[in-house]
Each structure stands twice: as C-alpha cells, then as structure tokens.
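Take a look at the structure set out below.
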Amino acid sequence: MITKATLQDIPTLNILINSAYRGETSKKGWTTEANLLEGKRTNEEELTETILNPKNTILKYTQSDKIIGSVLLVEKENQLYLGMLTVSPELQNSGIGKKMLAEAENHAKALGLSSIIMTVISVREELIAWYKRHGYVDTGEREAFPESEIHVTICEAPLEFIYLEKSI
C-alpha cells in the first residue's frame, strides 16, 4: 500500500533510506551508492524539514505494517521533482520501485503538472538505464555534485548530476 508519510514515520524512513543508499547493507541491492559516497544519505532533521514543507510529499510503500519503500516528490512550478526513490535492499528488483514511479505520476497528474524531473549521479549507468526503460529521457542538463558532510565522495571519477525528465 502506498500512502503519504507522516512525521511519525521519520525514524523508520531515515533508517530505510540510509540502508538503501550507503554502507554495507546497501550492497545487498543493486542501487547502492556505497562505492561512490560515504556518510549518510539523509537524517531525521532533513526528513522533518522535508515533510513540513507543503510543496513536498514523501510517499511510503508499506507491506505487513512495515515501510519497505519511499519516494520524495517536490512540486516545482509546472514539474514534479522526484528524488530519493528507495526500496529496501533485500526487496529491490521486485517491482516496488516501478509501483512507486507509477504513483509519482498519479501525484503529478493530480497536481496538474506536465512532467516529472529528477537528478541521477552520472556514473550510475544501470540506474539511469532503469529510468530510461520507464520513459525518462536525458535532458542534457548537468549539475556539479554537491560536496558536504553528508555527501562525501570516495570514488576517483568526478561526480555530476544528470537531469532526466518524463512528460506525463
């Protein structure tokens, strides 16, 4: 079941998102960033600020009363920004991500928005290919990857974001 996340979900979402993106547990899935970045992907403070912003929605995918997926949706003018699509590493490649993308499209349509945009780290070729198979196209726009105490680069290659977009 996919529903809107609440402040009460933050501790669980924080653990889920960090376990899917970084560290040893993320290596159980195919979408890990552990070979590119160290540190945390997010924290409870950032998630709280995100949920409290009326332009943002975090959807959660719950199965047997356990949150096993999530996605951040941000209303931006005539587009919906999609970020932090997360599926529990043990359950990746089981169709949950595809269901979350479909629900994001429904959310965009309900808001009357014309497209969904996202940024993906350029070296994550298999993830970019997955989004392309789901109708997203490379816009050609690029942005430098931000360095911070949360995003600590550990790979040799310079990182940048590429923008993907899907018209709906």
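The values are calculated or read from the model by the stated rules, or taken from the named source; none is laboratory data. In this text, all values refer to a predicted model and were calculated from it rather than measured experimentally. Cβ atoms come from the backbone with ideal geometry, glycine included; neighbour counts cover every protein chain shown. What goes into the accessible areas is simple: the full protein's heavy atoms, side chains included, and nothing from ligands, DNA or RNA. Shrake-Rupley method; radii C 1.70, N 1.55, O 1.52, S 1.80 Å.
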What percentages make up the Cα-Cα pair-distance distribution of the range 51-99 when the bins are 5 Å wide from 0? 5, 20, 26, 21, 14, 9, 3, 0
Note the direction-averaged projected area, equal to a quarter of the hull surface, for the Cα convex hull of the range 51-168, in nm². 8.6 nm²
Taking a 24 Å limit on the Cα-Cα distance, which of the listed pairs Lys66/Lys98; Lys4/Lys132; Lys66/Lys99; Lys40/Lys60; Lys60/Lys98 fall beyond it? Lys4/Lys132
Give me the accessible area per residue for the range 84-141, probe 1.4 Å, as a whole number in Å². 47 Å²
Once fully extended, how much extra length lies between Phe161 and Glu49, figured as 0.36 nm per residue of separation less the alpha-carbon to alpha-carbon distance? 38.0 nm
What is the sum of charges around Leu101, taking Lys and Arg as +1, Asp and Glu as -1, for the other residues whose C-beta is under 11 Å from the C-beta of Leu101? +2
Hey, what did the range 65-168 get for relative contact order, percent, Cα under 8 Å, at least 6 apart? 27 percent
